[in-house]
Amino acid sequence: EGSHGHTGTVPPGGQASAAAATSGDVVFNTSTPIWETVGHTAPRADREDWKKFLAALPSVEERERDGAMDARILRGWEVLEANLQLPKRVVRFLVSSTFTDTNEERNLFLGDVMPALQLLGRKLKLEVFMAEMRWGIRKEAGDQHLTAEICMRELARCLRESVGISYVFIAAQKYGFRPFPRLIPEKLFTELLEKMADKDRTLLEEWFKLDENALPGDDAGEEKKWEGPREFYGTAPGASGRFYVLQSQSKLKEGEDWWPLFERMQVSLRGAALTCFPYETSEEGLRDPANKHFAQRFVISVTEEEFKRGLLWVSPQRQKEQTLV
């Protein structure tokens, strides 16, 4: 299990009740406020010490409009994007953890901490958003195996937009759900098939189809800044730029169950990756920040992938200033 639930973003002013930590599903409990479960009689935003803290903060002055600049823009004389858009004042962060063993912590963060942070944000003229991955993914996206990719896109958005904290990690007892990638680079897929038994190879060829329309990107020599290293992303220089794509669950025959097929493919792909890339998929290799090989994606959990993208592979300055573990 792990970060493969639903996704959503808590907007400014949004609050949530307490939830029972009995499963990956969120079951709201309206009888006991979440702050009372940790010994408080009032929500954080209403506590006197928090109110005093906010009152003591200096006000942030809004920048006055530049009338001359406005006039130039209206006349079409000013077209520089830097002048047309003000810098965003947004703090957007992803909370990363396995789900079923951090349900109470996530609910406390959402129902007690976030309203207080949003009050602080208003004081500082900031919008504060928490990306909560337990809600919002549509069934259609799940059927197309897009859940993990949606999580990573939301993390990339936090890294790209946030002027403050962008990644929060909560460690607990579980490691997390370990799906195999929906997209596998053409050459690597062929190498993996060669290491499989005939029946497993036939199953993979049935469910993965080559997208022959894709072409290598124009930025083949550049790193995708917010999406992770190119090698990990499957678009390293020298790659064909084409991927084998996992087909939608709509392909299932009537009465056929997806999960037994998933487990067979998961075991086959992982075993082949361990054989073809022994160091990159070893425990030592997985703990090596310099290892960014695509093959590790057959071994690691969604939660660890978030950890690598949100913490290990960002700059030392961002690690110190914009992450919380």
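Data overview
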{"read-out": "Within-14-Å neighbourhood charge of ARG201 [Cβ basis; K, R +1; D, E -1]", "value": "-3"}
{"read-out": "Label-point separation in nm, CYS276 to LEU312, each point 7 Å along Cα→Cβ", "value": "2.0 nm"}
{"read-out": "Cross-link reach list, aspartates and glutamates versus LYS88, counting only Cα pairs under 12 Å and skipping chain neighbours closer than eight places", "value": "GLU127, GLU161"}
{"read-out": "Difference of contour (0.36 nm per residue) and Cα-Cα distance, LYS199 to LYS320", "value": "38.7 nm"}
{"read-out": "Length gained when the stretch SER31-TRP50 is fully extended (0.36 nm per residue, less Cα-Cα span)", "value": "4.4 nm"}
{"read-out": "Amide proton proximity set for PHE169, modelled H, under 5 Å, gap of 5+", "value": "SER96, LEU324, VAL325"}
{"read-out": "Subset of LYS52/LYS125; LYS174/LYS209; LYS51/LYS308; LYS251/LYS308; LYS199/LYS308 violating a 30 Å alpha-carbon distance limit", "value": "LYS174/LYS209; LYS51/LYS308; LYS251/LYS308; LYS199/LYS308"}
{"read-out": "Separation in nanometres of the label points that stand 7 Å from Cα toward Cβ, at LEU261 and ARG122", "value": "5.0 nm"}
{"read-out": "Table column - 3J(HN,Hα) (Hz), segment 34-45, Karplus curve with 6.51, -1.76, 1.60, x for Gly and Pro", "value": "4, 5, 6, 6, 10, x, 9, 9, 9, x, 3, 5"}
{"read-out": "Cut-off 9 Å between beta-carbons: net charge of the residues surrounding LEU246, Lys and Arg +1, Asp and Glu -1", "value": "+2"}
{"read-out": "Amide H contacts of LEU210 (H built 1.01 Å from N, under 5 Å, at least 5 apart or other chain)", "value": "VAL245"}
{"read-out": "Per-selection metrics, segment 121-271 (Cα): Rg and Dmax in Å", "value": "18.5, 63"}
{"read-out": "Separation of the ILE73 and GLU254 label points, Cα + 7 Å toward Cβ, nm", "value": "5.9 nm"}
{"read-out": "Rounded Å value of the spacing that divides the Cα centres of segment 28-70 and segment 285-301", "value": "40 Å"}
{"read-out": "³J(HN,Hα), Karplus 6.51/-1.76/1.60, whole Hz, each residue of segment 310-322, x for Gly, Pro", "value": "x, 10, 5, 9, 9, 5, x, 5, 5, 4, 6, 9, 10"}
{"read-out": "Sites GLU206 and GLN173, calculated FRET efficiency, Cβ-Cβ separation with R0 25 Å, nearest 0.05", "value": "0.10"}
{"read-out": "Long-range HN-HN contacts of VAL128 with modeled amide H, under 5 Å", "value": "VAL91"}
{"read-out": "Karplus 3J(HN,Hα) series, Hz, for segment 158-174 with 6.51 cos²θ - 1.76 cosθ + 1.60 (x for Gly, Pro)", "value": "4, 5, 6, 9, 6, 8, x, 4, 10, 8, 10, 10, 10, 8, 9, 9, 9"}
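Values in this text are rule-based calculations from the coordinates and carry no lab data. What you see is a predicted model, and the numbers here were worked out from it, not measured in a lab. Every residue, glycine among them, receives a Cβ derived from its backbone with ideal geometry; neighbour counts consider all protein chains shown.
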